Amino acid sequence: MTAAQEPGRIVLLTASHRVAPGLLSWPAWETLRAADLVLCPDAGHPQLPYLREAGVAVEISVPEARELVEVCAGGRTVVVLPSGEGDRDLTDGLARLAGSGRVQMPNLELLPGSYDLPGARLLDLVQVMDRIRRSCPWSSQQTHKGLAKYALEEAYELVEAVEEGDRDELREELGDVLLQVVFHARIAEEDAEEPFSVDDVAAGIVEKLIHRHPHVFGSETAETPEEVKEHWLRMKAVEKRRASVTDGVPLGQPALALAAKLSARAHTAGLEVPLPSGEGVGYRLLELAAEAERVGVDPEAALRAAARAYREAIRAAE
């Protein structure tokens with residue numbers, strides 16, 4: 001085959017919009033610099049300023065499939081930077097020519113110039129939430145207080161999905177809980193006195209995790225889960241500087257969980273506090289919750305499991 005008969009090469013260079021423009025892989029840069037022609041149908045493509053800065057000449061053009069094939073004749077390499085819409089007409093046209101069997105096609109190559117990093121879709125969620133907050137008549141009026149009940153509902157539904165063992169349901173409910181976090185963070189951006197964003201929320205939890213895991217990010221060691229818990233509680237005590245071990249225990253949580261949490265705080269602090277005595281179901285439940293905590297049983301989960309068994313028994317009786 002003579003040089004004039006060589007079919008050439010068409011490279012469709014893609015890049016994730018979730019990665020900053022200009023951060024392309026080395027194979028992508030090599031291909032761009034070695035190409036005989038680089039085409040882009042979008043004059044506002046975010047990669048263009050960085051390509052020009054790197055000395056890569058780009059022609060703004062929207063070629064048809066047949067024209068592109070002809071340009072490649074003689075063994076030339078043409079790189080195409082697809083627009084955000086994907087240039088369906090071009091790719092469909094190339095597919096039709098290849099399927100006709102009447103055209104000597106260049107080698108077609110899809111070259112990813114960048115890939116999504118772990119967590120990249122969270123950027124999409126933040127952008128979608130921002131648009132909804134600005135444009136949705138209902139979402140734009142919501143407040144932290146108004147949304148609080150939904151956070152509780154979604155948390156309970158997540159627990160139920162865990163108990164059911166339904167993986168699809170678990171993934172969906174995790175998304176619903178995440179939505180509450182992003183929604184509240186977006187509302188917080190608008191506060192006139194103390195605004196914060198989802199980035200501030202993420203930065204705060206990252207700092208907390210690093211500080212409370214000195215055995216991972218520092219010089220301390222922990223070989224057992226008990227030692228990890230000891231690190232966690234010690235670091236938490238330093239951070240919070242609380243006057244009582246009961247500080248920070250939310251009183252609005254379910255009663256059994258509240259009783260077990262208070263018992264756990266006293267036990268961890270080494271306090272031998274007798275349970276209050278009294279008549280009635282409440283005091284008996286308090287004793288059971290404290291007993292469950294001492295033997296490592298979550299009383300809330302245990303009662304829920306028993307209640308679910310009771311529900312099935314009722315259904316069977318029906």
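The values are calculated or read from the model by the stated rules, or taken from the named source; none is laboratory data. Note that the coordinates shown come from a computational prediction; the quantities given were computed from them, not determined experimentally. Backbone-built Cβ (ideal geometry, glycine too); neighbour counts: all protein chains shown. The accessibility values were calculated without ligands, DNA or RNA, using every heavy atom of the protein model including side chains. Shrake-Rupley method; radii C 1.70, N 1.55, O 1.52, S 1.80 Å.
Kindly indicate whether ASP176 is within 22 Å of GLN253 (Cα to Cα) and open to solvent by less than 90 Å² (accessible area, probe 1.4 Å). Yes: the conditions hold for ASP176.
Annotation note: Cβ proximity below 7 Å between a residue of the range 283-301 that is over 13 Å from ALA264 (Cα atoms) and a residue that is open to solvent by 40 Å² or more (accessible area, probe 1.4 Å) and of a type in the set (Ser, Thr, Tyr) (sequence gap 6+ or interchain) occurs for TYR283/SER277. Please tell me if VAL182 is touching a helix residue (DSSP H, G or I) at 6+ places or on another chain (Cβ under 6 Å), open to solvent by 40 Å² or more (accessible area, probe 1.4 Å) and modelled with pLDDT of 85 or more. No; evaluated as a whole, the condition is false for this residue. Of all residue pairs spaced 6 or more apart or on separate chains, those with beta-carbon atoms under 7 Å, a first member in the range 133-160 that is part of a helix (DSSP H, G or I) and a second member that is among the charged types (D, E, K, R) and surrounded by fewer than 13 Cβ atoms within 10 Å (Cβ to Cβ) are SER140/ARG134. Of all residues in the range 222-237, exactly one satisfies the criterion of being surrounded by fewer than 10 Cβ atoms within 10 Å (Cβ to Cβ) and among the β-branched types (Val, Ile, Thr), namely THR224.
So in the range 71-89, with the set limited to residues that are in a helix (DSSP H, G or I) and at pLDDT below 85, which one is least open to solvent (accessible area, probe 1.4 Å)? That would be ASP89. Within the range 265-310, the set of residues being more than 30 Å from VAL228 (Cα to Cα), open to solvent by 90 Å² or more (accessible area, probe 1.4 Å) and basic (Lys, Arg) comprises just one member, ARG284. Taking ALA120 as the residue in question, decide whether it is within 16 Å of the chain's Cα centre (by Cα) and either among the small types (Gly, Ala, Ser) or more than 29 Å from VAL80 (Cβ to Cβ) (or both). So ALA120 fits the description; yes. When residues in the range 267-288 are screened for being modelled with pLDDT of 85 or more and small (Gly, Ala, Ser), 4 of them pass. Picking from residues in the range 1-55 that are part of a loop (DSSP other than H, G, I, E, B), of a type in the set (S, T, N, Q) and touching a residue at least 24 places away in the same chain (Cβ under 8 Å), the one that is most open to solvent (accessible area, probe 1.4 Å) is SER25.
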